[in-house]
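The values are calculated or read from the model by the stated rules, or taken from the named source; none is laboratory data. No experiment lies behind these values; they were computed from the predicted model shown. As a convention, Cβ positions derive from the backbone with ideal geometry for all residues, glycine included, and neighbour counts pool all protein chains shown.
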Amino acid sequence: MSGFDELKDYADYALRVAESEGAEFCEVRCQDDQVEGIIIKNGALEGIKAGRRRGVGIRVLYRGGLGFSSTNVITRESLKTAVVRALKLAMIAGAHRKRNIVFSREEAPVDSDVIRPKLSMESMPVDERISFLSEVDKMILSKEAELKGKVPWRVFRLEGSITEKFIINTNGAELYSYVPRTYLEAILTTFEGPKGYEQVIIELGESRGFEVLKEWRIMERMEREVETLVKILREAESPPKGKLDVVLGPQVVGIAVHESVGHPYEADRILGREAAQAGESFVTMEMLGTRIGSGCANVVDDPTIPHSFGYYKYDDEGVRARKRYLIKEGMINEFLHNRETAYIFGVSSNAAARAVSYDREPIIRMANTYVEPGDYSFEELLEDVKLGVYIKTFGEWNIDDRRFNQRYVGKEAYLIEKGELTKLVSAPILEITTPKLWSSVDAVGKEELLEFCAALCGKGDPEQLCPVWMGGPPIRLRKVVLGG
Amino acid sequence: MENWMKPMDLAKRTVDLGRRAGVDDVICVVIDSERRQIRFANNQITVSKAWFDRTVKLYVAKDRRIITSEEKVSDYESLSLSLKRMVENVKLLREIPGYTSIPKGPFRYPSTNLYYDKRVVSDEDKLFESVEVAINSAIENGGCRVSGVLIAECFTRTLVSTGGIEVEEKGTRIAMTVRAFADEKGEAQGMGVTVSRRIDGIDPEGAGKEAGQIARDMLKTVKAEPGTYDAVLGPYFVANLLSYCAYLFSAFFVDMGVSPFVGKLGQRIASEKITVIDDPHLPDGYNSHIFDDEGYPTQRNFLIKEGVLKTYVHNGITAKKFGVNRTGNAGWEMPLPWNIVIREGDRRTEELIEDLQEGFYFLNTWYTRFQNYITGDFSTIPRDGIFYVKNGEIVGSVRGVRVAGNIIKLFEDINGVSREIKQVYWWETPVPVLSSTISVRGIKVTKAYGA
């Protein structure tokens, strides 16, 4: 952590400059993100890349406008220039506004949150990481031979990172955090004669050190993925179309809650702030407290899950994080807020402001979004389905910019006949509106079926790829149209 | 941390340090960047931003082993520590298969006349005025709520390598996106984009007008059934698809099996009406550059010529792996095109629409996702102008549709290219495209259950 204490001194200096220049509010965030990544392609090292972003981001409210500036030139002169620049931009922006930007009043905590990795990047040197992934690749090759299949492309990207932050603001908050993260992406491609190619992308991530690599059981997982891809190519048949019961696996539930509940419940989208980029939301302020789902699925976003990929104790505006119920008993219960939107909605911030680097403004983001477990076993979810499809994982997906009309194309999917999984089906397409999806849920799997997957969610301009988890237990949708 | 060095001095000193540490090759790229951004929504500015920062990229090779870094750290002290760590780590690594040493210079770089205008960041009053002009123009032309972003940058990019290369380029660029909504619900949408390397090169009024008019035209709706239709795809739609394809043209992704262009070099992958060029020397190109990250001179490359796939884009290592020459597109890890250009056709956009008996005119799209990168099966969600055309005339707009298909088939089914071209760069088109309107046969249009 050498050098970071020095950076903190500069943060104090920048805050004093802002106060003396008359800022109505100022927040200074020193952030040092270090990452080391390797890529193994078909068993061979493709590249090693280290990265570091260390600097200071300054946000001010001044004369009704919001200004942000950042620099990684750490001198008193450059920080003073950055503060003055932010104030000037805020002032001009304020003059072009009809209504002043105001932040909600929040506590000003002084705290620190340090997560020490059990196996740090230094403790697992790069050559060990390469060996680890090379062994996984060897296993896939032996599986390839055993199955008499072809896995022509096997790509692994492993990243270890550390995010160190110090945030102070003119309300008196002073927060230090140190969070390690591990992220693995695997892309596997199989080939089978005239049927062509099948491909899967797997993402795993947690806010821990490399000790997590063992817990992820990567060997077993990749072995299973290869077996499945080969089987899909050899055995999968066309899926039935029309009105059917559909069971979604945890990965598909995860992408569905993230895209069709998490994003449209971001208050900045509801207010139109992202309209020119990722869009707005079909959800309006007035829809709070109204029915959106069947009542079977509660949807939660919770940054406080220990070791989760989207973990944080305080958000980047210094607000203490908590669990948030987005949908509760079928009703829209709460939106995701930062201090700006909380003020407009007349509530307190629920700590959704995140920035991925010193040079990005904090914006409203999800953390770990999931469907809360219900009380069905997997067998019970299937048992009275006469004809349906279990979409365990997905490949392609997308959703419109109001988060209303979405599509998930199954990757590993099975026909359900008389309550039993019978055979693999190929690329079933669920194209459905958000209200239809959530009002069709009639059963939710129990606690032990709950799973998360990791992702880097994109939002903002410049874009910020933010670590998140998404998941849930399997859920059942009654009589939805499967087609495409 | 009070040390501040000129970029060329910093790059030279860093490369010297690496050389003295006994490694075979070092490249140091220093990018000093000053940027401004103004974001707006609901007809008013939401935030204004300023950045001043230095990015240093380091490449170290020893005994056919390579390590790279990209650091947003400005001081020499930190960089020298990073370099020392890289020098120690590189010895621990394995040889890179297909290793090739960095290019040996010096080179003669293309004498382009890239536009340069520091006012893109210094004239802040003009930037704010441009935003106001765009908002007003969008409102005058039919928008009731207007959102958007203006981003401007002035940069110096310096490269020094042990291959005898010392080169520096300066650049400026500015881009504005305007998105208008003509209804409260936000379904009648339109977008306008304007891009240049000079502050006077952008047209905020025109971008606002385009966004407002499209949004207004979206107010009148008609019903259209899902099915297979002929379509005309506007320049923003085409730019989005080609910006995604920029990655798929990269030899890095081809080698990973993550591209539908795998194994198709020299083969027909598109209609013969289609020629796509990577042109880093466009005088007003948003991403024009004279050298790549290996210090190798950039060059114009035909990616698709009259429907035939001519080349992938390469850095030194991928070029060696594929047995071809460098194409001037390094990226140490991932080579990428600079500015994608569709060669203009001979039809007017109006003529392409008039030729449609029954079909869609899609002006923009987003969220393009592939089910399988090798096969190229994908879907994408049109936005900002979705019009139904009958007997060559627009009869109204349609809500909530999606286009699904195969990217190679779509390229093959192109039957017309407009002669009007437009430079496109925005949030969903990160690789700039000099784009055209195209007409295409038989694309699948779907709708969601419940819509």
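When only residues in the stretch B:43-58 that are surrounded by fewer than 23 Cβ atoms within 10 Å (Cβ to Cβ) and more than 7 Å from chain A (Cβ to nearest Cβ) count, which is farthest from A:VAL60 (Cα to Cα)?
Among residues in the stretch B:43-58 that are surrounded by fewer than 23 Cβ atoms within 10 Å (Cβ to Cβ) and more than 7 Å from chain A (Cβ to nearest Cβ), the one farthest from A:VAL60 (Cα to Cα) is B:LYS57.
All but one of (1) more than 11 Å from chain B (Cβ to nearest Cβ); (2) over 25 Å from A:GLY445 (Cα atoms); (3) in contact with a Pro (Cβ under 9 Å, 6 or more places away or on another chain) hold for A:ILE270; which doesn't?
Condition not satisfied by A:ILE270: (1).
Can you confirm whether the stretch A:165-178 contains a residue that is crowded, with 17+ Cβ neighbours inside 10 Å and closer than 26 Å to A:MET219 by Cβ?
no
Within the stretch B:95-106, how many residues are within 14 Å of chain A (Cβ to nearest Cβ) and among the β-branched types (Val, Ile, Thr)? Spell out how you get there, then give the answer.
Quick first cut of the stretch B:95-106, residues within 14 Å of chain A (Cβ to nearest Cβ) only: B:95-100.
Going one step further and asking which of them are among the β-branched types (Val, Ile, Thr), we end up with B:96, B:100.
Counting residues in the stretch B:95-106 that are within 14 Å of chain A (Cβ to nearest Cβ) and among the β-branched types (Val, Ile, Thr) gives 2.
Quick one: would you say B:TYR109 is within 30 Å of B:GLU132 (Cα to Cα) and away from chain A (no Cβ under 14 Å)?
Here the answer is no, as B:TYR109 does not meet what is asked.
Please specify each residue of the stretch A:381-402 satisfying the condition of being within 11 Å of chain B (Cβ to nearest Cβ) and part of a loop (DSSP other than H, G, I, E, B).
Once the filter is applied, which keeps residues that are within 11 Å of chain B (Cβ to nearest Cβ) and part of a loop (DSSP other than H, G, I, E, B), the stretch A:381-402 yields A:ASP400, A:ASP401, A:ARG402.
Just need a number here: residues in the stretch A:116-149 that are in contact with a helix residue (DSSP H, G or I) (Cβ under 7 Å, 6 or more places away or on another chain), modelled with pLDDT under 95 and either surrounded by fewer than 18 Cβ atoms within 10 Å (Cβ to Cβ) or more than 14 Å from chain B (Cβ to nearest Cβ) (or both).
1
Looking at A:VAL73, A:VAL110, can you tell me which residue is surrounded by fewer than 15 Cβ atoms within 10 Å (Cβ to Cβ) and not charged (D, E, K, R)?
Step by step, each of A:VAL73, A:VAL110 is checked, and only A:VAL110 is surrounded by fewer than 15 Cβ atoms within 10 Å (Cβ to Cβ) and not charged (D, E, K, R).
Exactly one condition in (1) under 24 Å from the mean Cα position of the chain (by Cα); (2) more than 9 Å from chain A (Cβ to nearest Cβ); (3) hydrophobic (A, V, I, L, M, F, W, C) is not met by B:PHE40; state its number.
(2)
Taking B:GLU34 as the residue in question, decide whether it is more than 7 Å from chain A (Cβ to nearest Cβ), among the acidic types (Asp, Glu) and within 24 Å of the chain's Cα centre (by Cα).
It is true that B:GLU34 is more than 7 Å from chain A (Cβ to nearest Cβ), among the acidic types (Asp, Glu) and within 24 Å of the chain's Cα centre (by Cα).
One residue is enough: does the stretch A:353-364 have a residue meeting the conditions touching a Cys at 6+ places or on another chain (Cβ under 6 Å) and within 14 Å of chain B (Cβ to nearest Cβ)?
There is at least one residue in the stretch A:353-364 that is touching a Cys at 6+ places or on another chain (Cβ under 6 Å) and within 14 Å of chain B (Cβ to nearest Cβ).
Within the stretch B:1-10, identify whether any single residue is in contact (Cβ under 8 Å) with a residue 60 or more places away in the chain, of a type in the set (Lys, Arg) and either surrounded by fewer than 18 Cβ atoms within 10 Å (Cβ to Cβ) or farther than 28 Å from A:GLY3 by Cβ (or both), and answer yes or no.
no
If you go through the stretch A:278-287 one residue at a time, how many are crowded, with 17+ Cβ neighbours inside 10 Å and more than 23 Å from the chain's Cα centre (by Cα)?
Residues flagged as crowded, with 17+ Cβ neighbours inside 10 Å and more than 23 Å from the chain's Cα centre (by Cα) within the stretch A:278-287 amount to 1.
From the residues in the stretch B:405-448 that are of a type in the set (Phe, Trp, Tyr) and within 14 Å of chain A (Cβ to nearest Cβ), which one is surrounded by the fewest Cβ atoms within 10 Å (Cβ to Cβ)?
Step by step, filter the stretch B:405-448, then rank; the result is B:TRP427.
Among helices (runs of 4 or more DSSP H) lying entirely in the stretch B:148-267, which contain 2 or more residues that are away from chain A (no Cβ under 12 Å) and surrounded by 24 or more Cβ atoms within 10 Å (Cβ to Cβ)?
Passing ranges, in order: B:204-217, B:235-248.
If a residue has to be buried (at least 18 other Cβ atoms within 10 Å of the Cβ) and more than 21 Å from A:GLY172 (Cβ to Cβ) to count, how many in the stretch A:306-327 make the cut?
Total meeting the criteria: 7.
Which of the numbered conditions does A:GLY484 fail, given that it passes all the others? Conditions: (1) within 18 Å of B:GLN371 (Cα to Cα); (2) within 14 Å of another protein chain (Cβ to nearest Cβ); (3) modelled with pLDDT of 95 or more.
Going through (1) within 18 Å of B:GLN371 (Cα to Cα); (2) within 14 Å of another protein chain (Cβ to nearest Cβ); (3) modelled with pLDDT of 95 or more one by one, A:GLY484 breaks only (3).
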